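A short write-up of the structure that comes next.
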Amino acid sequence: MPDIEPYTVWYYNDKLGGWRGRYRFAITDWSKFWRARLGWFARANLLGMWTIERVLGGLTMQTLLVAEAGPIAEALQVVHYTCLKKWGVTLYRSREVFALDRDGHRVTIERVQSYGPLFRSEPPDHATAAAQPDVAGMVYDWMWFDRRLRQDTCALDADHLELMQTCDYCRGEVVLERSGT
């Protein structure tokens, strides 16, 4: 009987390449937002994203998933790049190294992110992800400024992914389309 490919290996192999979509951001609970222990920089970034969304419309999210260390089944690693832009101006970028657990269901992530247009970098952080095979997706657990941020990612079809990011005071949503870059 042949070995069955672990879910995370299949999932990330299937998602290699470029993705693009319109990112929508909302502050959902203003009282929690104002009470949050945010520094001025973090609060300004979140207010900036909210203002851009309300005044100018959604941001463009571009992502790229690559197997820099070799075949995923051997390296058990992928690298994910994310960029949020408005009219060609980059407002956020990140580089995440996803280390796939041999169990086929868990992922550990090391992330470096920066906020533009001046690109103040945040200290590297770590996150986790768990497989959601029933919806061909993953659930990510990130730290985002002062809060835990849950990201649910599910495949709508072979060329579309839906991401929903939530914490107790904000939400981000995007449907990514495979872009080929």
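Please give me the summed charge of the neighbours of Pro124: other residues whose Cβ is under 11 Å from its Cβ, Lys and Arg +1, Asp and Glu -1.
-2
Pull out the extension gain between Arg102 and Asp125, defined as 0.36 nm times the separation in residues minus the alpha carbon to alpha carbon distance; nm, one decimal.
Values: separation 23, 0.36 × 23 = 8.28 nm, distance 2.19 nm.
So the chain would gain 6.1 nm between Arg102 and Asp125.
Using the alpha-carbon atoms, what tilt in degrees (0 to 90, nearest 10) does helix 40-56 show relative to the longest principal axis of the chain?
90
Which three numbers, in whole Å and largest first, are the semi-axes of the equivalent ellipsoid of segment 1-59 derived from its Cα gyration tensor as √(5λ)?
The three semi-axes for segment 1-59 are 38, 17, 10 Å.
What number results when the radius of gyration of segment 7-178, computed over Cα atoms, is divided by 2.2 N^0.38 Å?
Segment 7-178 yields a ratio of 1.02.
Counting only Cα, what are the radius of gyration and maximum Cα-Cα distance Dmax of segment 61-161, in Å?
Rg, Dmax (Cα atoms, Å): 14.3, 42.
Using θ = phi - 60° and the Karplus curve 6.51 cos²θ - 1.76 cosθ + 1.60, what whole-Hz ³J(HN,Hα) does each residue of segment 10-24 get, with Gly and Pro shown as x?
Those phi angles translate into 4, 4, 6, 4, 5, 9, 4, x, x, 9, 8, x, 8, 8, 10 Hz.
None of the figures in this text is laboratory data; all of them are computed from the coordinates on show. Please read these numbers as outputs of a predicted model, since none were measured by experiment. Positions of Cβ are generated from backbone atoms using ideal geometry, with glycine treated the same way; all protein chains shown enter the neighbour counts.
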